[in-house]
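Structure first, then comments.
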Amino acid sequence: MSLHERPIGTAVGISSDGISRFDGHGNTATVLTLTGDIDESSILSLRARLREAVMSSSLRIVIDVAEVEFLSVQAAVELADAHRLADVRKVEVIMVAGPRCVERALLATRLQDVFATAPSLRSALAGGELGLGFSAAAV
């Protein structure tokens, strides 16, 4: 898992783990990239990273799940909890469309309609081509 802040609308290349901040046009986006298995062993780290992203000065949080191989139900709940806190703070949350395992976890918890989605990280950062939720057809 890695957390990055990037200017909205710029080309992206995920760098090493850690937090990097770049200001662009006064607006920034925090990108939280999740990879591999996001299960009970990574819940505390996920919770801390999500809270850090939500409490940052970013106007947008992008959760990139494109490389997730497994997402536990508890991890899906943590993502939704962070989304609720972001709503209170008036921070936009966008999830990059991911593999079927992510869709299944969100469907199992009935959280599939919580997140605005984008087909790619670039699109999520630009704010274009957004949808709502994941399709139940992917299950």
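The values are calculated or read from the model by the stated rules, or taken from the named source; none is laboratory data. Just so you know, these numbers come straight off a predicted model, no measurement behind them. Cβ: placed from backbone, ideal geometry, glycine included. Neighbour counts: every protein chain shown.
Listing for the model above:
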item: Unmet criterion (only one of (1) at positive phi; (2) modelled with pLDDT of 85 or more) for Val54; result: (1)
item: Any hit, the range 3-23, residues being at pLDDT 55 or above and part of a strand (DSSP E or B); result: no
item: Subset of the range 85-122 (residues that are buried (at least 21 other Cβ atoms within 10 Å of the Cβ) and in contact with a His (Cβ under 8 Å, 6 or more places away or on another chain)); result: Val93, Phe115
item: Meets criteria (modelled with pLDDT under 90 and closer than 19 Å to Leu111 by Cα) for Leu46; result: yes
item: Any hit, the range 37-49, residues being over 23 Å from Asp113 (Cβ atoms) and either touching a His at 6+ places or on another chain (Cβ under 9 Å) or part of a strand (DSSP E or B) (or both); result: yes
item: Within the range 57-94, tally of residues that are out of contact with any Leu (no Cβ under 9 Å at 6 or more places or on another chain) and either assigned to a strand (DSSP E or B) or modelled with pLDDT under 90 (or both); result: 5
